[in-house]
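Visitor: Following this message is one structure expressed as structure tokens.
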Amino acid sequence: MSIKKNKSALSEVEGIKQPSIINPLLKNKKWVSSKNSSVIKIVKEIKKTNIAFLSKAITLIESTNVKHQKKATKIINACLPYANKSIRIGITGVPGVGKSTFIEVFGKLLTNNGNKVAVLAIDPSSSINKGSILGDKTRMEKLVTDQNAFIRPSPSGESLGGVARKTRETIILCEAAGFNIILIETVGVGQSETAVHKMVDFFLLLKLAGAGDELQGIKRGIIEMADAIVINKADNENEKATKLAKSEFTRALHLYPLKDNNWQPKVMTCSAFYNKGINAVWKIIEQYIKHTKSNHFFNKKRNEQNQFWLLETINERLKTEFYSNTKIKIILKKEINKVNTQKISPFNVAEKLLSIYFNQ
């Protein structure tokens, strides 16, 4: 009889096998190293739709580091000749309206039709700890693994209305990478809608029925910006309420004058959860693009947006330079104390500081 040898207590036991890479699409991608990240190389790889290099370039755009900003500017300028060939769609709505679910279903419809879709999702940053969850990739499980889709969540930071400061430049990179449809999701609070409206061709407003949202939407004047209003969650016992909301919004739209592009905004219902009515939304967008291109408003709007962002960039740069000026920092601190003690008016201090800044 053979005696089984006992293994030593010090012998090594095979551990748990490590899981494979989370996103299988990234398996064969070339990762960006600091030695291999020249502007020419990055632009070349972006044009090949190399997601790793595209992500690296967007990170440079979002960085506040001066060296990164200079490099990002070179990349953007090199990508410009390959940009401006997409349809840019802004999607907004209050939190809980179902934006992420809608975008995933809508994005899948577009990729199934042979399109390449980039989703630029703006996540709200905390005003307390400045953090951001950036959870859109977890909410869009199917779209995130789609070969023809790219999802980039960005923190809103302190920019106007929660819109990431560099979204405009990111659009250019995504277009250069071959994405022909760009979806921009806003936070859905504050003035984010205004900023997004200034960077897209089509502005889609998602609404809920029976949530007191109908009057609020009219009061905020957002209907003036919307090219289409889609009432989401038109399913089960909510169908009757969504039909009623559709009638109310349709009547409200007739109170507004016709847009400069002679387009009458449409109202429709859908259920992103059950994938109902999504194709109708895309058909409306196609009609709009055809309409605005035929009356030359499409290019006119793009030109106006370019001018707007030129001026916005100048304003932003002047503001940054002013507040980062060492002399201004010292004087501003002293003058704020005088304003707080009612010794001088805020307007006089502003005039004084600007005079010092521009005459130094």
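Just so it is clear, none of the values below were taken in a lab; they were calculated from the coordinates. The structure presented is a predicted model; accordingly, all values stated were derived computationally and were not measured. With ideal geometry, Cβ positions are generated from the backbone for all residues, glycine too; neighbour counts draw on all protein chains shown.
Visitor: Based on the mean of other Cβ atoms within 10 Å per residue, sort peptides 90-97, 47-54, 256-263 so the most packed one is first.
Guide: Ranked from most to least packed, the peptides come out as 90-97, 47-54, 256-263.
Visitor: Something else: Starting from the amide H of Lys276, placed 1.01 Å from N in the peptide plane, find each other amide H under 5 Å away whose residue is 5 or more places distant or on another chain.
Guide: Under 5 Å from the amide H of Lys276: Ser271.
Visitor: Taking a 32 Å limit on the Cα-Cα distance, which of the listed pairs Lys48/Lys301; Lys44/Lys142; Lys70/Lys142; Lys301/Lys333 fall beyond it?
Guide: The answer is Lys70/Lys142; Lys301/Lys333.
Visitor: Could you put Lys70, Lys233 in order, starting from the residue whose Cβ has the fewest other Cβ atoms within 10 Å? The partial results should precede the final answer.
Guide: Working: Lys70 12, Lys233 26.
Result, fewest neighbours first: Lys70, Lys233.
Visitor: Using only C-alpha atoms and all pairs of different ones, pull out the Kirkwood radius for segment 241-359 in Å with one decimal.
Guide: Values: mean 1/r = 0.0506 Å⁻¹.
19.8 Å is the Kirkwood radius here.
Visitor: So if we plug the beta-carbon distance of Phe322 and Thr64 into 1/(1 + (r/R0)^6) with R0 = 22 Å, what FRET efficiency do we get, rounded to 0.05? Please list the in-between numbers first.
Guide: On the way: r = 16 Å, r/R0 = 0.73.
The pair Phe322/Thr64 has a calculated efficiency of 0.85.
Visitor: Another one. Based on other C-beta atoms within 10 Å, arrange Phe322, Phe358, Phe298 from fewest to most.
Guide: Working: Phe322 15, Phe358 8, Phe298 19.
If I rank by nearby Cβ atoms, fewest first, I get Phe358, Phe322, Phe298.
Visitor: Find out how many positive minus negative residues lie around Val349, taking Lys and Arg as positive, Asp and Glu as negative, among other residues whose Cβ is under 9 Å from that of Val349.
Guide: Working: positive: Lys338, Lys352; negative: Glu335, Glu351.
My count for the surroundings of Val349 gives 0.
Visitor: Same structure again: Expected output is a single nm value to one decimal: the length gained when fully extending between Tyr82 and Lys338, i.e. 0.36 nm times separation in residues minus the C-alpha distance. What is it? Walk me through the intermediate numbers first.
Guide: Numbers: separation 256, 0.36 × 256 = 92.16 nm, distance 5.32 nm.
Contour length minus Cα-Cα distance gives 86.8 nm.
Visitor: Then there's this: Note down the nm distance, to one decimal, between modelled labels 7 Å out along Cα→Cβ at Thr250 and at Ile356.
Guide: Result: 6.2 nm between the two label points.
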